[in-house]
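Throughout, read-outs are computed from the coordinates displayed, never taken from laboratory work. Source: prediction; values computed, not measured. Here Cβ is always computed from backbone atoms with ideal geometry, including for glycine, and neighbour counts include all displayed protein chains.
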Amino acid sequence: MHTYAQARPSHERLAAGLGWFSLALGTAEIAAPRTMARLFGIPDDPRLVSVLRGFGAREIASGLGLLTQPEQPGWAWSRVGGDAIDLAFLGAAANEDSANHQRVAMAAAVVAGVAALDLICARGLQDHQDSRRALGIEPSHDVSVERAVTVGRPIAEVFAFWKGYENLPRFMQHLTSVETLAEGRTRWTATGPAGVSVSWDAETLVERENEWIAWRSLENADVDNSGSVRFQEAPGGRGTEVHVHLTYSPPAGQLGRGIAWLFGQEPGQQIKDDLRRFKQLMETGEIPLSEGLGLQRAAQPVRDVADVAAMAGVSPELVGAGARLEGGRA
């Protein structure tokens, strides 16, 4: 299972990493431009050294932007543009007679590699922003979680299963039911350990066959949330990669405290566990369970399948036959 950090999608983590890289590079170019020039194979020409100082200021600005606003694609795109300028500068410097052509070539190769990362980051942030705009939600204090899993089943089968929203409670622990209504709308119901029940209506925004499903809650929902699932064929014919992105706004007041369990104390771990159950269900047709505190220990017979299934948040009929004692012995 491939996982991404809680409340920070993978492209935002990459943006933060590139931000620190920009700060370090920019500081070096401003503080020791002649040393950096020698490292890059650039002639020790006052004019070229002055350009390096300017590049350093640009790097620091980009780094601060990426670190303070890692979700904004503009800063990553500014790095992509800066990479193009750097490559042009190195190309011009290579024409100087006193340039160290081997070092210039190595520096250009490094810049090209970093440029590829910048482009991946910029495109990822841009896609994420475009998806949120498509969902029509711009919350200010959202919890956002991304997780992914590879399922050893054909993409059409995996997509068809997820498209049937009523299947989601079979592996999502806190969901009680999802009812399909008219005009692309659904009604979601969830129940917590204390028996508190909440429900909300949602609408399907995107449904591209074998590619993408996206939905969002409607106005006045108890839990303002949205989600999207992208499907793509796994490399090497290993099945289907399922990428899930969920966003919700924790409600305030007593209601918020009463349903804080909805996505768990650690939303990323909750979705990871849900996707593990989803993978088991798709690949084996059942979700094997065992008695104990959680599902991480080695499987062993259980005394009461119904109780363990209820504790895990799945239907008893999904519990594998191997989880029962032979002959149904207590």
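What does the net charge come to around Asp44 if you take all other residues with beta carbon closer than 12 Å to its beta carbon, with K and R at +1 and D and E at -1?
Values: positive: Arg34, Arg38, Arg47; negative: Asp45, Glu96.
Charge balance in the 12 Å sphere: +1.
How do the peptides 27-33, 97-103 rank, highest first, by the average count of neighbouring beta carbon atoms within 10 Å per residue?
Values: 27-33: 16.9, 97-103: 12.7.
For the peptides 27-33, 97-103, the packing ranking is 27-33, 97-103.
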Provide the per-residue ³J(HN,Hα) series for the stretch 17-25, in order, calculated from phi with Karplus coefficients 6.51, -1.76, 1.60 and θ = phi - 60°, each as a whole number of Hz, with x at glycine and proline positions.
x, 5, x, 5, 4, 4, 4, 5, 5
Using the Karplus curve 6.51 cos²θ - 1.76 cosθ + 1.60 with θ = phi - 60°, what ³J(HN,Hα) values do you get for each residue of the stretch 79-84, in whole Hz, with x for Gly and Pro?
5, 4, x, x, 4, 4
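Evaluate the stretch 10-135: find the radius of gyration of its Cα atoms, find its Kirkwood radius, and give the ratio Rg to Rh.
1.04
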Where Rh denotes the Kirkwood radius from the mean inverse Cα pair distance, what is Rg over Rh for the stretch 167-231?
0.98
Residue-by-residue Karplus 3J(HN,Hα) for the stretch 159-174, coefficients 6.51, -1.76, 1.60, Hz, glycine and proline x
4, 4, 5, 6, 4, x, 3, 5, 7, 4, x, 5, 10, 8, 4, 8
